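Q: Let me begin by handing over the structure; questions about it come next.
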Amino acid sequence: MSMNSFGHLFRFSTWGESHGKAIGVTIDGCPPNIEISESMIQVFMDKRKPGQSKYTTQRKEADTVEILSGTFEGKTTGTPIQIVVQNLDQRSKDYSNIATSFRPGHADITYHKKYGIRDYRGGGRASARETAVRVAAGSVARLVLRKLVPNLDIIGYLVRIGEHEIDRKNFDISTISQNPFWSPDKHTVSKWADYLDKTRKNKNSVGAIIEILAKNVPIGLGSPIYNKLDAQIASAMMSINAVKAVEIGNGIMSASSTGKENADEIRINDNNEPVFLSNNAGGILGGISTGQDIVTRFAVKPTSSIATSKLSIDESGDEVEVITKGRHDPCVGIRAVPVGEAMMACVLLDQYLINRGQIG
């Protein structure tokens, strides 16, 4: 299993399993002399950690980061940064009943068929637990971007849970951090809460759509043809556990519009600079950033681990019924918001460094 790294010039590799002793990430290509500390990273880690509300898994993990290398006197040295997070609240016994059975919707059967061995405790390497250290890598990327591109801002939020979506007329960025759903529409909060309460009581789960907005992105990030910025963003988001679809700008809806409606017309402003009259392209044209807001959305499927019996087979090929015990999210998409932000940060920093290397 060698494909555990992401990025080009800013590159990170994650390691560890859901119920192992620890998880971690090695970051290579981080510029030197960037102020960084464990407490600065922890701010971002705390946004993702489990057990913060009844709407996420009740696994209790502090997700406290420890920097092992790559810094000196509070600044990066340009050498590899190693970050480790201890696993403190594993309940491996919860998975003993599915040690030889495949949970529908999970990677159990594909891991077993491909490698001939799998860690069944919480999904092992396929668990969303791995995303914690992606957030650690993303926090480093955000701290670097804060110095190199001070005005750049990355904001993630939920726009849909199951059959209920936000009303964009009520969109308010200040609301996002004030509710457990990262909702920019305060009127959806109680609706989503009731919906997830009923879903949990029915021993079921639902999916979600997350939107990531990157503001004040420099013009020129991304390169044709195989290093397009939107291709890199799509790859980053699709690599997140349980993500089944990614779109940029108008995305799928652009297929039902006309060329006249979809093209972002351009004018010249008072400063003799080009301005776009709309942003259907989501801030990217020809794989290169336009300077407009970058807008991407990704869909997260319903949590496959539910306490409802489902039909499956075991390693011997016998037909069985599977009930997944343990502590699971009724909507795993909630905790995917900071993960999406982290992956966006990693892509933008990587592309910024590539652009600086090529263009100067």
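Q: Give me the pairs: first residue in the range 30-55 and assigned to a helix (DSSP H, G or I), second residue at pLDDT below 95, beta-carbon distance under 6 Å, and six or more apart or on different chains, which are they?
A: That search, which allows pairs on different chains as well, returns Met45/Asp63; Arg48/Arg335.
Q: I'm checking my understanding of the structure. Among residues of the range 154-174 that are of a type in the set (Lys, Arg) and not in a strand (DSSP E or B), which one is most open to solvent (accessible area, probe 1.4 Å)?
A: Among those residues, the one meeting the criterion is Lys169.
Q: Hey, among Ile81, Ile23, Ile41, which residue is closer than 25 Å to Asn355 by Cβ, surrounded by 16 or more Cβ atoms within 10 Å (Cβ to Cβ) and modelled with pLDDT of 85 or more?
A: Answer to the check: Ile81.
Q: Continuing with the same structure: Go through the range 104-139 and give me each residue that's under 21 Å from the mean Cα position of the chain (by Cα) and either open to solvent by 40 Å² or more (accessible area, probe 1.4 Å) or of a type in the set (D, E, K, R) (or both).
A: Within the range 104-139, Gly105, His106, Arg125, Arg129, Glu130, Arg134 qualify.
Every residue, every condition in (1) open to solvent by less than 60 Å² (accessible area, probe 1.4 Å); (2) in contact (Cβ under 8 Å) with a residue 40 or more places away in the chain; (3) of a type in the set (A, V, I, L, M, F, W, C), yes or no:
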{"residue": "Ile252", "(1), (2), (3)": "no, no, yes"}
{"residue": "Thr258", "(1), (2), (3)": "no, no, no"}
{"residue": "Asp264", "(1), (2), (3)": "yes, no, no"}
{"residue": "Asn279", "(1), (2), (3)": "yes, no, no"}
{"residue": "Leu285", "(1), (2), (3)": "no, no, yes"}
{"residue": "Gly291", "(1), (2), (3)": "yes, yes, no"}
{"residue": "Ile294", "(1), (2), (3)": "yes, yes, yes"}
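Q: Additional query: Only one of Gly283, Gly291 is under 19 Å from Ala263 (Cα atoms) and in contact with a Ser or Thr (Cβ under 7 Å, 6 or more places away or on another chain). Can you tell me which?
A: Just a single option satisfies the conditions, and that option is Gly283.
Q: If you don't mind, another one. One residue is enough: does the range 147-166 have a residue meeting the conditions of a type in the set (Gly, Ala, Ser) and within 30 Å of Phe102 (Cα to Cα)?
A: Scanning the range 147-166, I find at least one residue that is of a type in the set (Gly, Ala, Ser) and within 30 Å of Phe102 (Cα to Cα), so the answer is yes.
Q: Next up: In the range 206-238, which residue that is in a loop (DSSP other than H, G, I, E, B) and in contact with a Lys or Arg (Cβ under 9 Å, 6 or more places away or on another chain) is surrounded by the most Cβ atoms within 10 Å (Cβ to Cβ)? Reasoning before the result, please.
A: Filtering the range 206-238 for residues in a loop (DSSP other than H, G, I, E, B) gives 206-207, 216-222, 224-226, 228.
Narrowing the set further to residues that are in contact with a Lys or Arg (Cβ under 9 Å, 6 or more places away or on another chain) leaves 207, 222.
Details: Gly207: 18, Gly222: 22.
Applying the filter and picking the extreme gives Gly222.
Q: Tell me yes or no: at least one residue of the range 124-133 is outside any loop (DSSP other than H, G, I, E, B), more than 24 Å from Val65 (Cα to Cα) and of a type in the set (A, V, I, L, M, F, W, C).
A: Checked against the condition, which is being outside any loop (DSSP other than H, G, I, E, B), more than 24 Å from Val65 (Cα to Cα) and of a type in the set (A, V, I, L, M, F, W, C), the range 124-133 yields no hits at all.
Q: Now for a different question. Suppose the filter is within 27 Å of Ile233 (Cα to Cα), of a type in the set (Lys, Arg) and either modelled with pLDDT of 95 or more or touching a Cys at 6+ places or on another chain (Cβ under 6 Å) (or both); does Lys147 pass it?
A: Yes: the conditions hold for Lys147.
Q: Another question about this same structure. Do we find that Asp185 is buried (at least 16 other Cβ atoms within 10 Å of the Cβ) and free of Cβ contacts under 8 Å to residues at least 24 places away in the same chain in this structure?
A: In short, yes.
Q: Name, by its number, the condition in (1) open to solvent by less than 10 Å² (accessible area, probe 1.4 Å); (2) within 19 Å of Thr296 (Cα to Cα); (3) assigned to a helix (DSSP H, G or I) that does not hold for Arg142.
A: (1)
Q: Looking at Gly162, Gly156 in this structure, which one is within 30 Å of Thr76 (Cα to Cα) and in contact with a Phe, Trp or Tyr (Cβ under 7 Å, 6 or more places away or on another chain)?
A: On the way: Gly162 fails: within 30 Å of Thr76 (Cα to Cα).
The unique qualifying residue is Gly156.
Q: In the range 306-360, how many are more than 20 Å from the chain's Cα centre (by Cα) and over 20 Å from Asn216 (Cα atoms)?
A: At the first step, the residues of the range 306-360 found to be more than 20 Å from the chain's Cα centre (by Cα) are 306-327, 353-360.
Filter once more, so that each one left must be over 20 Å from Asn216 (Cα atoms): 306-327, 357-358.
Result for the range 306-360: 24.
Q: Confirm whether Asn355 is open to solvent by 50 Å² or more (accessible area, probe 1.4 Å) and either over 28 Å from Val159 (Cα atoms) or modelled with pLDDT under 95 (or both).
A: Answer is no for this residue.
The values are calculated or read from the model by the stated rules, or taken from the named source; none is laboratory data. Quantities reported herein were computed from a predicted structural model and do not represent experimental measurements. Glycine also receives a Cβ, built like all others from the backbone with ideal geometry; neighbour counts cover every protein chain displayed. The protein model used for the area step is the full one, side chains on, heavy atoms only, and it has no ligands, DNA or RNA in it. Shrake-Rupley method; radii C 1.70, N 1.55, O 1.52, S 1.80 Å.
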